[in-house]
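To start, the structure under review is shown below, and the notes come after it.
The values are calculated or read from the model by the stated rules, or taken from the named source; none is laboratory data. Predicted, not measured: the structure shown is a model, and the values here were computed from it. Note that we place each Cβ from the backbone using ideal geometry, even for glycine, and neighbour counts take in every protein chain shown.
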Amino acid sequence: MFSSSYSGLTDQALLFRYSALTTGLTFSAAAISALTRTPPASVRRGLDSLVAVNLLERVSGERYQFPLFVRVFARERLNVEDDAADIEAAIDRLTAWMANTVNAADRIFAPLRRPVPLGEESPWTHPVEFQSYDQALAWCDAERFALLETVKQAAESGRPTATWRIALGAVTFYKLRNHRKDWLTTSQLAVNAARAEGDRYAEAWSLISLGGALVLLEQFVEAGPPYEEALEICRAIGDRMGEGMTLGNLGELACVLGNYDEAIEFGEQAIAIWREIGERRLEAIVLIDSVAQARLDTRRFDEAVPLFQRAQEQSDGIDLHTHGLAVHGYARALEGLGDLRASLEALTEALNLQRRSGDRAGLADTLLSVARVQSESGHVEASRTALREALEILTSFDDPRALAIRDELDSDRPGGPPTS
């Protein structure tokens with residue numbers, strides 16, 4: 001059946017065979033353009049022709065997938081008809097295109113984040129040109145599985161540079177969508193790849209990423225050694241930005257572990273570096289994660305308020321994700337001071353920022369704060385509405401807090417559990 005349809009193809013045959021090299025369940029015309037060095041308009045026409053003869057299926061827009069068993073047939077034809085060197089060159093182009101595009105998306109999500117160093121672009125590895133934040137996020141959502149599998153493929157096939165370039169470029173996306181296991185897997189592969197390549201700069205950055213993934217997975221003890229090793233490397237090679245990033249992350253880890261004086265000390269060391277370099281966004285992150293958070297956790301709310309305000313000032317207009325976290329922290333400090341009205345106003349602003357940034361994990365945490373403040377204010381139904389939305393998000397993450405929230409909603413008690 002497949003053979004008869006394939007035998008009738010002309011120019012589309014190349015597109016069909018090389019589509020088997022894509023790593024996602026679905027793929028875009030842009031990916032096939034990179035693989036085959038074919039102009040995008042010609043690719044779209046060719047893929048549509050393959051849909052017409054049932055060798056491909058259109059999923060939505062410009063995304064396609066193979067019908068059952070057809071990918072295997074396409075790969076068989078590729079191995080028979082194409083030179084191994086041509087196949088390897090195509091995989092090189094696809095991984096370069098993936099690295100360039102995920103990093104282009106990252107520049108949209110966090111414009112001031114340290115850019116991942118990339119190779120020279122060719123017409124076939126030029127990234128997708130995103131016109132908006134939402135478009136970049138939609139691309140990452142659609143390519144999530146392909147990102148993970150491309151990193152794995154690059155690692156297994158001896159492409160260490162591509163491995164860590166894609167892994168580090170995907171970090172902000174993984175944070176926004178709470179893809180904890182993807183982040184952990186790609187970070188581990190990035191560390192190994194950088195070590196194999198002997199790139200100490202990439203190794204340190206990958207270790208920082210690995211520590212962050214472990215923290216998100218609440219594997220706090222395991223997160224310490226990668227951070228400590230990264231700090232040692234950064235100081236050895238004179239990477240001041242990497243040193244500041246690691247100090248900030250060590251501060252966050254100390255805060256989570258309840259070592260508040262240490263959290264503040266690490267955080268203040270990091271902030272000194274950020275002020276020296278002029279990194280507003282990273283100063284805001286450190287304030288949120290350790291310096292202000294330590295005050296919040298120790299109920300020094302009057303000290304936490306100006307620190308969270310400073311974090312808002314430093315992130316406003318440059319990073320939606322960080323700004324949303326700063327406003328949420330500020331709201332929690334106001335709640336601690338008993339100013340529930342002002343806290344609820346700030347929480348409403350945080351929700352808006354988190355919806356705009358696509359930060360589902362942060363959105364769930366803020367909704368839990370809304371539920372608590374609404375309950376404390378006597379607004380039972382508003383509290384339960386916030387809880388229901390938080391439950392939906394946390395259930396999608398398999399977050400253990402979902403069980404307690406479900407029990408809360410099934411009971412007659414108003415309000416919600418704490419966010420931490």
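If you go through segment 7-20 and pick out every residue that is surrounded by 21 or more Cβ atoms within 10 Å (Cβ to Cβ), in contact (Cβ under 8 Å) with a residue 40 or more places away in the chain and not hydroxyl-bearing (Ser, Thr, Tyr), you end up with 2.
Given the structure, is GLU197 more than 28 Å from LEU137 (Cβ to Cβ), within 21 Å of the chain's Cα centre (by Cα) and of a type outside the set (Phe, Trp, Tyr)? Judged against the criteria, GLU197 is not a match. The residue that is surrounded by the most Cβ atoms within 10 Å (Cβ to Cβ), among those in segment 136-186 that are among the acidic types (Asp, Glu), touching a residue at least 24 places away in the same chain (Cβ under 8 Å) and not in a loop (DSSP other than H, G, I, E, B), is ASP182. Applying a threshold of 7 Å to beta carbon distances and a minimum spacing of six or more residues, or different chains, the list of pairs starting in segment 273-297 at a residue that is within 17 Å of LEU231 (Cβ to Cβ) and at pLDDT below 95 and ending at one that is surrounded by fewer than 24 Cβ atoms within 10 Å (Cβ to Cβ) and among the hydrophobic types (A, V, I, L, M, F, W, C) reads ILE277/MET241.
For segment 5-35, a residue qualifies if it is out of contact with any Leu (no Cβ under 8 Å at 6 or more places or on another chain), in a helix (DSSP H, G or I) and farther than 20 Å from GLU129 by Cα, and the qualifying residues are SER7, ALA13, LEU14. Quick check on my filter: what residues within segment 186-231 are closer than 12 Å to LEU168 by Cα and of a type in the set (S, T, N, Q)? Passing the criteria: THR186, SER187, GLN188, SER206, SER209.
Here is the figure for segment 243-285: residues that are touching a Cys at 6+ places or on another chain (Cβ under 7 Å) and crowded, with 24+ Cβ neighbours inside 10 Å total 2.
Check whether at least one residue in segment 193-211 is of a type in the set (Val, Ile, Thr), assigned to a helix (DSSP H, G or I) and touching a residue at least 60 places away in the same chain (Cβ under 8 Å), and report yes or no.
Start the filter on segment 193-211 by keeping residues that are of a type in the set (Val, Ile, Thr), which leaves 208.
When the remaining residues are screened for being assigned to a helix (DSSP H, G or I), the result is 208.
Subset that is touching a residue at least 60 places away in the same chain (Cβ under 8 Å): none.
The answer is no; no qualifying residue exists.
If you check ASP182, ASP82, ASP106 for being under 22 Å from PRO226 (Cα atoms) and at pLDDT 95 or above, only one passes: ASP182.
Residues in segment 244-300 that are part of a helix (DSSP H, G or I) and among the β-branched types (Val, Ile, Thr): THR246, VAL256, ILE264, ILE271, ILE273, ILE277, ILE285, VAL286, ILE288, VAL291.
Only one residue in GLU57, GLU62, GLU81 is more than 25 Å from PRO127 (Cα to Cα) and of a type in the set (Asp, Glu). Which one?
Details: GLU57 fails: more than 25 Å from PRO127 (Cα to Cα); GLU62 fails: more than 25 Å from PRO127 (Cα to Cα).
Criteria check complete, one pass: GLU81.
Condition first: touching an Asp or Glu at 6+ places or on another chain (Cβ under 7 Å) and under 18 Å from LEU231 (Cα atoms). Now tell me which residues in segment 256-272 satisfy that. Talk me through it step by step, then tell me what you get.
Within segment 256-272, the first condition is being touching an Asp or Glu at 6+ places or on another chain (Cβ under 7 Å), and the residues that meet it are 260, 271.
Answer for segment 256-272, where residues must be touching an Asp or Glu at 6+ places or on another chain (Cβ under 7 Å) and under 18 Å from LEU231 (Cα atoms): just ILE271.
You will find that of LEU387, LEU351, LEU334, LEU344, the residue that is assigned to a helix (DSSP H, G or I) and within 16 Å of THR322 (Cβ to Cβ) is LEU351 and no other.
When each of THR23, THR38 is tested for being surrounded by 21 or more Cβ atoms within 10 Å (Cβ to Cβ), of a type in the set (Val, Ile, Thr) and either in contact with a Gly (Cβ under 9 Å, 6 or more places away or on another chain) or at pLDDT below 95 (or both), the lone residue that passes is THR23. In this entry, LEU118 passes the filter for residues that are within 29 Å of the chain's Cα centre (by Cα), under 30 Å from ARG280 (Cα atoms) and in a loop (DSSP other than H, G, I, E, B). Can you tell me which residue within segment 301-338, out of those that are closer than 17 Å to ARG372 by Cα and small (Gly, Ala, Ser), is farthest from the chain's Cα centre (by Cα)? Top of the filtered list is GLY338. When PRO111 is tested against the conditions (1) exposed (fewer than 13 other Cβ atoms within 10 Å of the Cβ); (2) modelled with pLDDT of 95 or more; (3) not aliphatic (A, V, I, L, M); (4) not in a helix (DSSP H, G or I), the lone failure is (2). The set of residues in segment 190-244 that are among the charged types (D, E, K, R) and closer than 19 Å to ARG113 by Cα comprises GLU203, ASP239, ARG240, GLU243.
Looking at segment 388-396, is at least one residue free of Cβ contacts under 8 Å to residues at least 60 places away in the same chain, buried (at least 23 other Cβ atoms within 10 Å of the Cβ) and farther than 15 Å from LEU176 by Cα? Yes: segment 388-396 contains one or more residues that are free of Cβ contacts under 8 Å to residues at least 60 places away in the same chain, buried (at least 23 other Cβ atoms within 10 Å of the Cβ) and farther than 15 Å from LEU176 by Cα.
A Cβ distance below 6 Å, combined with a sequence gap of six or more or placement on separate chains, defines the contacts here; from segment 255-269, residues that are closer than 16 Å to GLY212 by Cα reach residues that are of a type in the set (Val, Ile, Thr) in the pairs GLY267/VAL286; GLY267/VAL291.
Reported count of residues in segment 345-371, each being among the basic types (Lys, Arg) and closer than 19 Å to THR395 by Cβ, is 2.
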